[in-house]
Amino acid sequence: MVSDIAGLRVLVTAGASGIGLEMVRAFQASGARVHYCDVSDGEGAGTDLDGVTASRADVSDRGDVARLFAEVEKRLGGLDVLVNNAGIAGPTGRVEDIDPEAWDQTLNVNITGQFNCTRLAVPLLKRSSNASIVNVASLAGRLGFSMRTPYAASKWAVVGFTKSLAIELGEFGIRVNAILPGSVDGPRIQSVFANKAAALGKSYEEVEAAALAVTSLRKLIPPQHLAAMAVFLASPQGSSISGQALSIDGDAQMMV
């Protein structure tokens with residue numbers, strides 16, 4: 001673990017489970033002060049960690065986000081790191097069959113949610129001497145993803161948002177990067193594979209095997225590896241890295 005981020009004030013969105021929870025754990029283990037939000041009631045495994053606090057917030061709801069940042073200022077007294085992790089998988093299906101409301105919801109959470117949090121975080125980050133934003137995108141933000149167009153479109157948007165923010169905020173010493181996970185081990189990818197199998201009339205095993213076959217390392221990505229990258233990017237060792245879309249995907253050539 002990076003050992004020189006003690007006292008760093010960190011907000012992780014969607015931190016109650018999955019990748020977000022691993023990020024909460026990794027930052028806390030490295031000595032950071034962590035607050036996280038989630039669409040649940042704000043209580044989760046992360047609150048069992050010393051000093052970790054939580055709020056209920058839906059990042060697509062600007063009222064929720066305003067209340068979240070008031071709580072962050074109260075709990076942390078400022079902010080050094082924003083991890084925009086909140087996101088949903090969205091629907092699986094051919095574009096002509098996608099429910100427009102499901103399209104809207106996917107973009108509202110996955111990209112507008114990052115905007116909602118970032119616009120309130122930046123005034124706080126400008127007061128930090130080690131400020132950074134880590135946006136969680138996806139390999140789908142670099143490659144096309146058949147039958148997952150809402151998700152892919154939202155994640156391509158995250159990459160553009162990240163690069164533009166890095167240019168805009170560089171003069172204030174705020175670095176901005178995106179992490180692009182491949183197929184991350186856990187319940188979400190299991191659900192994605194199951195939904196795609198149903199849509200294509202294939203078995204779960206066939207869909208999983210096809211996904212791993214186009215990945216050089218032939219394995220799912222442990223969420224802890226994503227958390228370690230986030231901690232590194234927020235540390236002084238990562239202070240020269242900004243505007244990057246960093247893939248952690250086992251060298252995947254395509255998404256299937």
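The values are calculated or read from the model by the stated rules, or taken from the named source; none is laboratory data. What you see is a predicted model, and the numbers here were worked out from it, not measured in a lab. With ideal geometry, Cβ positions are generated from the backbone for all residues, glycine too; neighbour counts draw on all protein chains shown.
Among the residues of region 154-184, count how many are over 14 Å from residue 241 (Cα atoms) and surrounded by 14 or more Cβ atoms within 10 Å (Cβ to Cβ).
Of the residues in region 154-184, 13 are over 14 Å from residue 241 (Cα atoms) and surrounded by 14 or more Cβ atoms within 10 Å (Cβ to Cβ).
Take residue 90 and tell me if it is surrounded by 15 or more Cβ atoms within 10 Å (Cβ to Cβ), farther than 17 Å from residue 118 by Cβ and touching a residue at least 60 places away in the same chain (Cβ under 8 Å).
yes
What are the pairs, 6+ residues apart or on separate chains, where a residue within region 121-146 that is on the phi < 0 side of the Ramachandran plot has its Cβ under 8 Å from a residue that is in a loop (DSSP other than H, G, I, E, B) and among the basic types (Lys, Arg)?
What qualifies is 140/148.
Of all residues in region 132-151 being hydroxyl-bearing (Ser, Thr, Tyr) and not in a helix (DSSP H, G or I), which is surrounded by the most Cβ atoms within 10 Å (Cβ to Cβ)?
Restricting to residues being hydroxyl-bearing (Ser, Thr, Tyr) and not in a helix (DSSP H, G or I), the top hit is 138.
Anything in region 205-242 that is at pLDDT below 90 and in contact with a helix residue (DSSP H, G or I) (Cβ under 6 Å, 6 or more places away or on another chain)? List them, or say none.
207, 208, 218
Do we have residue 56 as charged (D, E, K, R), touching a strand residue (DSSP E or B) at 6+ places or on another chain (Cβ under 9 Å) and buried (at least 18 other Cβ atoms within 10 Å of the Cβ) here?
When the stated conditions are applied, residue 56 does not pass them.
Kindly indicate the residue of region 74-131 that is among the hydroxyl-bearing types (Ser, Thr, Tyr) and either touching a strand residue (DSSP E or B) at 6+ places or on another chain (Cβ under 9 Å) or within 30 Å of residue 199 (Cβ to Cβ) (or both) and also modelled with the lowest pLDDT among those meeting that condition.
The qualifying residue modelled with the lowest pLDDT is 92.
What do you reckon, is residue 29 among the small types (Gly, Ala, Ser) and closer than 30 Å to residue 201 by Cβ?
no
For region 17-131, which strands (runs of 3 or more DSSP E) that fit wholly inside it have 1 or more residues that are within 19 Å of the chain's Cα centre (by Cα) and among the hydroxyl-bearing types (Ser, Thr, Tyr)?
In region 17-131, 33-38, 53-56 are the strands (runs of 3 or more DSSP E) which contain 1 or more residues that are within 19 Å of the chain's Cα centre (by Cα) and among the hydroxyl-bearing types (Ser, Thr, Tyr).
Residues to consider are 255, 229; find the one that is farther than 26 Å from residue 115 by Cα and among the hydrophobic types (A, V, I, L, M, F, W, C). Give the derivation first.
Details: 229 fails: farther than 26 Å from residue 115 by Cα.
Only one candidate qualifies: 255.
Looking only at region 22-33, which residues are under 24 Å from residue 221 (Cα atoms) and touching a strand residue (DSSP E or B) at 6+ places or on another chain (Cβ under 8 Å)?
If the condition is that a residue be under 24 Å from residue 221 (Cα atoms) and touching a strand residue (DSSP E or B) at 6+ places or on another chain (Cβ under 8 Å), then 23, 24, 27, 28 are the ones that fit.
Just one of 143, 165, 139 is over 30 Å from residue 198 (Cα atoms) and not β-branched (Val, Ile, Thr); which is it?
Testing whether each residue is over 30 Å from residue 198 (Cα atoms) and not β-branched (Val, Ile, Thr) leaves just 165.
Give the residue that is surrounded by the most Cβ atoms within 10 Å (Cβ to Cβ), with candidates limited to residues of region 8-43 that are at pLDDT below 95 and farther than 19 Å from residue 89 by Cβ.
Among those that are at pLDDT below 95 and farther than 19 Å from residue 89 by Cβ, it is 42.
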